[in-house]
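*Asks:* Submitted below is the structure of interest, expressed as structure tokens.
The values are calculated or read from the model by the stated rules, or taken from the named source; none is laboratory data. Quick caveat: nothing in here was measured; it's all calculated off a predicted structure. Virtual Cβ from ideal backbone geometry, glycine too; neighbours counted across all protein chains shown. All accessible areas refer to the heavy atoms of the entire protein, side chains included, with ligands and DNA or RNA removed. Shrake-Rupley method; radii C 1.70, N 1.55, O 1.52, S 1.80 Å.
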Amino acid sequence: MSENFGEAGFWVDQWKEKLEGYLRAPARAGRFIEGRFGKSVESTLELGAGSCRDSLYLASRGYRATASDFNQQTIDYLSTRFPSSGVSFSADDSRKLPFGDGQFDVVFHNGLIVCFDDDADVSAILREQFRVAKKYAVLLVHNGENAKLRAEFARLGASDPLYRIRFYTRADVERSLQLAGVRYRRLAFHKFGGVADAFYGPRIKGIPNPLNGVAESFVNSLYPLQPWSRVERIAAVAEI
Ligand SMILES: C[S@@+](CC[C@H](N)C(=O)[O-])C[C@H]1O[C@@H](n2cnc3c(N)ncnc32)[C@H](O)[C@@H]1O
């Protein structure tokens, strides 16, 4: 686990270097939210939004999207860069949110609680997430059941602190929710990310990919076909 994840300054530097790449990447979480909930939800809140790519996508699809991150500098930059996106940008610490109870239909984060070693921080985030969520809370975490992915992150983490994260199994997610003491009606785990994402790229194993222009229409439907040991992230959907 990287010792710098808790410092906003660390993220300012990370985003200076990596923001454009993240903005170019497919908005997988946004598409997941849209595919899962469709028109049954209107407002979304993204915590630890970073590049805010997924909230930008959701706003472009007609949702009332709010993107929140404790990194004021990146939030300021993105709100200036995307003034007409429809996204409300908000600089907050996810452990203490300024929003009202049940203010958003869906509250999600992707790669946020993987940044915390200390269960007290994870619990604080989950409690705030569930407090401000009206219908659904969605947690996207790196899949601890994928040994190959863990090994790859361990290797990359030697030179890049961004890869020194905490992995979660499905049992770990349930334990974290229990520890936080949050309440929900139902919890479902979905497979998110994996080899099918190769269809988003211009080439697959060096061969031009003729499907990359239409990848968003089918990639999500391929994720469930993988065994859990090959899945990149766990999408945990709690119905409030
Ligand atoms: C790995 S990045 C998430 C990337 C984002 N989902 C995306 O796709 O661009 C983690 C983000 O969490 C933010 N973060 C870390 N600790 C936070 C906290 N306590 N409150 C709010 N945001 C936090 C960081 O600033 C960073 O942007």
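*Asks:* Charges only on Cβ, +1 for Lys and Arg, -1 for Asp and Glu: so what's the dipole of the chain about the Cα centre, in debye to the nearest 20?
*Replies:* Here the chain has a charge dipole of around 880 debye.
*Asks:* Compute, for D13, the solvent-accessible surface of its heavy atoms (probe 1.4 Å) with the complete set of protein chains present, and express it in square angstrom to the nearest 10.
*Replies:* Accessible area of D13: about 90 Å².
*Asks:* Using only alpha carbon positions, build the gyration tensor of the stretch 39-134, then give the equivalent ellipsoid semi-axes as the square roots of 5 times its eigenvalues, largest first, whole angstrom.
*Replies:* Details: eigenvalues 86, 53, 22 Å².
Over the Cα atoms of the stretch 39-134, the ellipsoid semi-axes are 21, 16, 11 Å.
*Asks:* Checking the table K134/K205; K39/K148; K16/K148; K39/K205 against a 32 Å threshold on Cα-Cα, which pairs fail?
*Replies:* On the way: K134/K205 43 Å; K39/K148 37 Å; K16/K148 29 Å; K39/K205 37 Å.
From the list (K134/K205; K39/K148; K16/K148; K39/K205), the Cα-Cα distance tops 32 Å for K134/K205; K39/K148; K39/K205.
*Asks:* Counting DSSP beta bridges in the chain, what percent are antiparallel, to the nearest 5? Don't skip to the end; give the middle numbers.
*Replies:* Working: 16 of 35 bridges.
Looking only at bridges with both residues in the chain, the antiparallel portion is about 45 percent.
*Asks:* What figure, in Å² to the nearest 10, do you get for the accessible area of W228 with a 1.4 Å probe and non-protein molecules left out?
*Replies:* My reading of the accessible area for W228 is about 50 Å².
*Asks:* Here is a further query. Which of L78, P98, A133 sits farthest toward the positive end of the charge dipole of the stretch 8-239, with +1 on the Cβ of Lys and Arg and -1 on the Cβ of Asp and Glu?
*Replies:* My answer, from the dipole projection, is A133.
*Asks:* How big is the chain in terms of Cα radius of gyration and Dmax, in angstroms?
*Replies:* 17.0, 50
*Asks:* Going by a ≥ b ≥ c, the root eigenvalues of the Cα gyration tensor, does the stretch 127-240 fall in the rounded group (a/c under 1.5), the prolate group (a/b larger than b/c) or the oblate group? Walk me through the numbers before you get to the answer.
*Replies:* On the way: a/c = 2.38, a/b = 1.48, b/c = 1.61.
Verdict is oblate for the stretch 127-240.
*Asks:* Another question about this same structure. Among F189, F5, A27, whose Cα lies farthest out toward the positive end of the dipole of the chain, if unit charges sit on the beta carbon of Lys, Arg (+1) and Asp, Glu (-1)?
*Replies:* Going by the Cα projections, it comes out as F189.
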